[in-house]
Amino acid sequence: MTLQESAAAPAAAAAWDPETRFSDWLRSGAEPFWTAATGHRFTRELADDSLPDAVYRRYLIQDYLFLDLLVRILGHAVAAAPSLEARITLSRFLAAVTGEENTYFLRSFEALGVDEATLQAATPIAPTAAFEEIMLGAARGGDYADVLSVLLPVEWIYLAWAQSVADRKPARFYLREWIELHSIPAFADFVGWLRGEMDREGAALPPPRQAGLADNVRRIAEQEVAFFDAAYG
């Protein structure tokens, strides 16, 4: 039985219980994909420095395409945020993504022998295109809670797998720094802040809207698994 076949149940087996943290309910509704993504073979091989460069090269090119999508989603989030404080927090993360993280990509591409022509010719593979459809659909057709429902899982999944291997130090800098970028306290604080925003926004919505948010989170987790799988060709 495939992972997809084993996950044929609806996005949420039960309505949200106010005794449960809303973001925890969203995460549990994304199983089995959440666990498959955060413990994927790709992340394990990255951490123990056994991941082939060809695999990481394919992954990183697609993730650079995803970076452009993330910048657009963060722009939607800034515009939809309910307060100046929230807009400032999101803008600071956007600055980090377009600054430090973008520089990481450029240094890594140079080390991996990926030239500008290759990047310009790159096109989204199926999981990358699916991310765009899900995330832009939520951002353009929804409100702040909808944007959070696609932004939170992509960041939280990366925090989860990176924290689980944070003590590992691969020799190749582009593997080591990828773990560090997603396990540093500043990133953990941002994901924690996103969870708090989602907890507040989600709790105030009627059950049908909550179920829609849960479906977004589940679909994102499913694509994270597919994205890692695709790196192996």
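Considering Ala79, Ala130, which residue is at negative phi, over 19 Å from the mean Cα position of the chain (by Cα), hydrophobic (A, V, I, L, M, F, W, C) and surrounded by 12 or more Cβ atoms within 10 Å (Cβ to Cβ)? Going through Ala79, Ala130 in turn, just one is at negative phi, over 19 Å from the mean Cα position of the chain (by Cα), hydrophobic (A, V, I, L, M, F, W, C) and surrounded by 12 or more Cβ atoms within 10 Å (Cβ to Cβ): Ala79. Of the residues making up the range 108-127, those that are farther than 17 Å from Tyr59 by Cβ and surrounded by 14 or more Cβ atoms within 10 Å (Cβ to Cβ) number 0. Only one of the listed residues (Leu152, Leu159, Leu213) is in contact with a His (Cβ under 9 Å, 6 or more places away or on another chain) and not charged (D, E, K, R). That residue is Leu159.
Give the number of residues within the range 16-30 that are of a type outside the set (Lys, Arg) and touching a residue at least 60 places away in the same chain (Cβ under 8 Å).
Step one: of the range 16-30, the residues of a type outside the set (Lys, Arg) are 16-20, 22-26, 28-30.
Retained after the next criterion (residues that are touching a residue at least 60 places away in the same chain (Cβ under 8 Å)): 16, 18, 22-23, 25-26, 29-30.
Matching residues across the range 16-30 total 8.
Whether any residue in the range 70-85 is hydroxyl-bearing (Ser, Thr, Tyr) and at pLDDT 95 or above is what I want to check.
At the first step, the residues of the range 70-85 found to be hydroxyl-bearing (Ser, Thr, Tyr) are 83.
Then drop every residue that is not at pLDDT 95 or above, which leaves 83.
Looking for residues that are hydroxyl-bearing (Ser, Thr, Tyr) and at pLDDT 95 or above, one finds at least one in the range 70-85, hence yes.
Here is a yes/no grid of residues against (1) under 21 Å from Leu65 (Cα atoms); (2) out of contact with any Asp or Glu (no Cβ under 8 Å at 6 or more places or on another chain):
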site	(1), (2)
Glu133	yes, yes
Val150	yes, yes
Glu155	yes, yes
Val191	no, no
Pro208	no, yes
Asn216	yes, no
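Among the residues making up the range 180-190, those that are over 14 Å from the mean Cα position of the chain (by Cα) and in a helix (DSSP H, G or I) are Glu180, Pro185, Ala186, Asp189. The residues on offer are Ala162, Ala166, Ala211, and the sole one that is hydrophobic (A, V, I, L, M, F, W, C), surrounded by fewer than 22 Cβ atoms within 10 Å (Cβ to Cβ) and in a helix (DSSP H, G or I) is Ala211. Is it true that some residue in the range 1-14 is assigned to a helix (DSSP H, G or I), surrounded by fewer than 19 Cβ atoms within 10 Å (Cβ to Cβ) and either modelled with pLDDT of 95 or more or touching a Leu at 6+ places or on another chain (Cβ under 7 Å) (or both)? No, that holds for no residue.
Summed over the range 15-28, the residues that are outside any loop (DSSP other than H, G, I, E, B), in contact with a helix residue (DSSP H, G or I) (Cβ under 6 Å, 6 or more places away or on another chain) and farther than 14 Å from Ile157 by Cβ give a count of 1.
The values are calculated or read from the model by the stated rules, or taken from the named source; none is laboratory data. Predicted, not measured: the structure shown is a model, and the values here were computed from it. Positions of Cβ are generated from backbone atoms using ideal geometry, with glycine treated the same way; all protein chains shown enter the neighbour counts.
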